[in-house]
Amino acid sequence: MEEKHAEAERRRMFYRRNGRRPRTASQPAQEAKNVAAAIQPLLDDEAAATRLQTAWRTQQRRKTVEAFANLGLSIDRVHDTSFEDVGALLSEDRVLKATAKLLSLFGLMDKEEAANAKESTTTRTFLSAYLILGHPTAVLSKDGDQEQDLITKAKDLMISFENALSKVTAFNRYTPPPTQVETVSFAHTAFVTAFGDWKARDSSALIETMVASFVNLDAIWQTVKDDTRGEVASDYREGIRDNQVILLSRIRKLAGPERANMLIKKAIRESRRSRPKRRPVGDVRPRLAEDTSTNNSNAEASTSNVDTASQITHSEHEPQGEGFQSNSLTRLFSVVPPNRVLVHELAIDKDYRVDVSPHSDLRNAINRSVCDSMRRGFENGEGDSWTVAMAENIRAKLLKLLKPGNSMHSLISEVLDPSHVQTQCAQGVFSYEKFFAFMASILPKLCAPFRDEQVNALVEEMEKPGDLAEMIEKLFKLLHVIDLLSLDYSNFLLMNAAPTLIKESGGYEQRMFAQDLESKSITLQRTTRWWRNATVNILTEADRRDPLYRSGTTLQKIYARGLVDLAIASMPLHDSELPETLELDRARITRIRADAVKITVIGAILLTAKNLLKRDVRSQWKPQANRIWELLKDGYGASTSNNNNNGEDSPRPTTPNIPARVLATIETSHAMPASTRATLDSTIGRLLSQAAVGRLADPVMKVLFTRLKTHVFSRLSAISSGERVRAASTATEGLASAGLPEFIAQVGDMVDVLTRISDVDRKAHGTWYEQISEELERAGDEADVDQVMR
């Protein structure tokens, strides 16, 4: 009907211009045309201008249609061409200009916007429909309801557009039919709306990812900015600043300047607030340790770091007295780590201090046992011997906190002198009330300021009278506080000795390890086996990717491969796996293994929930991840049982409380139907059961664990500080694409610990690693020669 109407309109305009033929006798057709041409009136200026403009516009429309047709854009061509090539084609100026003119012809954009095709969002949005239909997996991050709706809208737009474009011919002067234009306009509006909604959600996830990268770089800078050894801070400063500037510009472009600044400031505040704060030096300094500090400073100038470390541990090894009671009380004071452990821990963490909690818990258990024995001794008439032993041990411990010749040192020596106390007990004049009063007067002068609250509470309790049971209880609390003061003082000495110990840590560890090898107390058997496995793994991977890459394999990459294989594993760490060179890092490697499994299982649970709920897998569910992390601190609530019909181990949860609480954590934030809830509940139970036994058989957990391991290796194998900064700046995006966007901080800490372990270990044991590598290379060459000879 449109064609018929157009034909009638054309004939009407023709007759209107040429006039009607007069009623005369019929003439031959050719003669009639000649007569009509002969009698055609002359056009006035306005009619002639109109005719010329019509012809020119028709020609312009024809050029527009032919220019777009010459591009050869179609869904089939886009699908058969690679995504990168299509993206480059659609970004060319000629494509943008031709498309903008055609969209202007269809009334989808005005002429001013079409003239500036390079910056036109309408043109790029329209062309993105080709990419969405030709390469949906490369454009869309997941296959959810919103993505399916966008694909449907893009398909409707392309169908209506190609339909309308086929009607634009010379027959209608290259003018799109009004009905077709209206259909294309409706389809274009629907597509633009769906595209805007999808892009807004996608850009939100991208903004979160880039903000997390910015904060991750800030956390790295906070770690290294106070470094005074070498040029670590200066090396990192430039790389971190450059990457942060790039991220900031991108975030501002997507979110706007004001919102970008607000998001970054908020994220940095939360990140720095979550990091443990360092206690000021003045809070931990014992009140009467100034003279000792000066003495230690002088000693450091004239002695080695080993002597300084020996000063810290010497106080814990001295005998405390004689007799059964004295030997029992000696066990109250646990041993500070040996010199080699102290030096190694300081090299890993320059702020390392002896942890008070485990020592305090152990001492409290022994304190309770000895105090019970003391109470039974008083009941059996052996109170005097216990009193002398107790006073002797407390005196010895308190004197170690003071410098000889100090007034407080002299006072404690005289009041708690064992012979003096024994004389008082023999004469029956020793008073525990006076003893507690004396301790109440000196403890506030010995403790550090941050212990004032605990010491004051003990002083108030010691001032109260009581019977034998209460006296023993006050003695127990007194021993506990003295233990804390002793550990505080050890940490104070360690803090003063740290710079010297750190400076010489590599050489000291190397000498101690060499001595152990010479004394045959250790061998390099496990280390050799570990290095051989790492070499085989890295070379096999290199050959699989590119045979020519083998020449680029270095000792650093082999070491990184071995360390990652050792630390990122699902099974518990066995003694045969740990090389002798990494024996002091056993606890750290064990903890990293547990964290890797926990990250994998939580990531698999959240990824499954996102897919079931049709959510973007790159979105960060940090609150849920943090709550589940806290729930799994004490274990997964599962064990193994042989209930499988096939005879295989089928681990099933024995404590359903943990899976139920994990499900409730997700359900409180994201409503879900009953079927989805049942599916997720079953998945959570299965994943937790596998994580409990270290067998990650689920495909999702396998993929996530492999991606985590690859990510850690890529960051750990970076050699220079610039490479490390670049790897850290892209870590957030990599983890988001890997399905672990919630664990940026945990993975960053894991990489940081492994990096410090690597630096310290290679500095101390690099000589033996080179020796083992050369031996393995020679053995490999000999094997190749034997193979050729055979």
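General observations
- Among the residues of segment 67-80, not a single one is at pLDDT 80 or above, small (Gly, Ala, Ser), outside the structural domain of Thr179 (by TED's automatic domain parsing) and surrounded by 11 or more Cβ atoms within 10 Å (Cβ to Cβ).
- Contacts under 9 angstrom Cβ, first residue in segment 735-749 being under 17 Å from Val601 (Cβ atoms) and assigned by TED's automatic domain parsing to the domain that holds Leu607, partner surrounded by 21 or more Cβ atoms within 10 Å (Cβ to Cβ) and among the hydroxyl-bearing types (Ser, Thr, Tyr), 6 or more apart: Leu735/Thr209; Leu740/Thr600; Pro741/Thr209; Pro741/Thr732
- Answer residue from segment 414-430, given it is in contact (Cβ under 8 Å) with a residue 12 or more places away in the chain and surrounded by fewer than 16 Cβ atoms within 10 Å (Cβ to Cβ) and is farthest from Leu485 (Cα to Cα) among those: Ala426
- Filter result (in a helix (DSSP H, G or I), polar (S, T, N, Q) and under 30 Å from Thr767 (Cβ atoms)) within segment 575-629: Thr581, Thr590
- Hits in segment 239-261 - residues which are in contact with a helix residue (DSSP H, G or I) (Cβ under 9 Å, 6 or more places away or on another chain), among the aliphatic types (A, V, I, L, M), more than 15 Å from Thr209 (Cβ to Cβ) and at pLDDT 75 or above: none
- For Ala738, the criteria (1) modelled with pLDDT of 85 or more; (2) surrounded by 15 or more Cβ atoms within 10 Å (Cβ to Cβ) hold in every case but one, which is (1).
- Test: residue in segment 448-461 that is outside any helix (DSSP H, G or I), within 51 Å of the chain's Cα centre (by Cα) and at pLDDT below 85: yes
- Of the residues Ala469, Ala498, the single one that is in contact (Cβ under 8 Å) with a residue 12 or more places away in the chain, among the small types (Gly, Ala, Ser), over 30 Å from Lys763 (Cβ atoms) and not in a loop (DSSP other than H, G, I, E, B) is Ala469.
- Of residues in segment 158-179 being in a helix (DSSP H, G or I) and modelled with pLDDT under 80, the one surrounded by the fewest Cβ atoms within 10 Å (Cβ to Cβ): Ala170
- Taking the criterion of being within 20 Å of Lys477 (Cα to Cα) and of a type in the set (A, V, I, L, M), the residues of segment 382-431 that qualify are Val388, Ala389, Met390, Ala391, Ile394, Ala396, Leu398, Leu399, Leu401, Ile412, Leu416.
- Matching option when the condition is over 52 Å from the mean Cα position of the chain (by Cα), assigned to a helix (DSSP H, G or I) and loosely packed, with under 13 Cβ neighbours inside 10 Å, among Ala48, Ala88: Ala48
- First in segment 713-732 and in the same structural domain as Ile757 (by TED's automatic domain parsing), second anywhere and outside any helix (DSSP H, G or I), Cβ under 6 Å, 6 or more apart: Arg724/Ala718; Ala727/Ala718
- Set Asp749, Asp761, Asp681: member being under 21 Å from the mean Cα position of the chain (by Cα) and of a type in the set (Asp, Glu): Asp749
- The residue that is surrounded by the fewest Cβ atoms within 10 Å (Cβ to Cβ), among those in segment 443-455 that are without any contact (Cβ under 8 Å) to a residue 40 or more places away in the chain and under 16 Å from Lys474 (Cα atoms), is Gln454.
Conditions (1) surrounded by fewer than 16 Cβ atoms within 10 Å (Cβ to Cβ); (2) at pLDDT 90 or above; (3) of a type outside the set (Asp, Glu); (4) not assigned by TED's automatic domain parsing to the domain that holds Leu776, marked per residue:
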residue	(1), (2), (3), (4)
Thr540	yes, no, yes, no
Asp543	yes, no, no, no
Thr554	yes, no, yes, no
Arg561	no, yes, yes, no
Asp565	no, yes, no, no
Ser570	no, no, yes, no
Glu580	no, yes, no, no
Asp585	no, yes, no, no
Thr590	yes, yes, yes, no
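- Failed item, numbered, when Phe705 is tested on (1) under 13 Å from the mean Cα position of the chain (by Cα); (2) at pLDDT 85 or above: (1)
- Lone qualifier among Arg762, Arg778 - being buried (at least 16 other Cβ atoms within 10 Å of the Cβ), charged (D, E, K, R) and not assigned by TED's automatic domain parsing to the domain that holds Lys350: Arg762
The values are calculated or read from the model by the stated rules, or taken from the named source; none is laboratory data. Keep in mind the model is a prediction, meaning the values are calculated, not measured. So basically every Cβ, Gly included, is an ideal-geometry build from the backbone, and we count neighbours across all protein chains shown.
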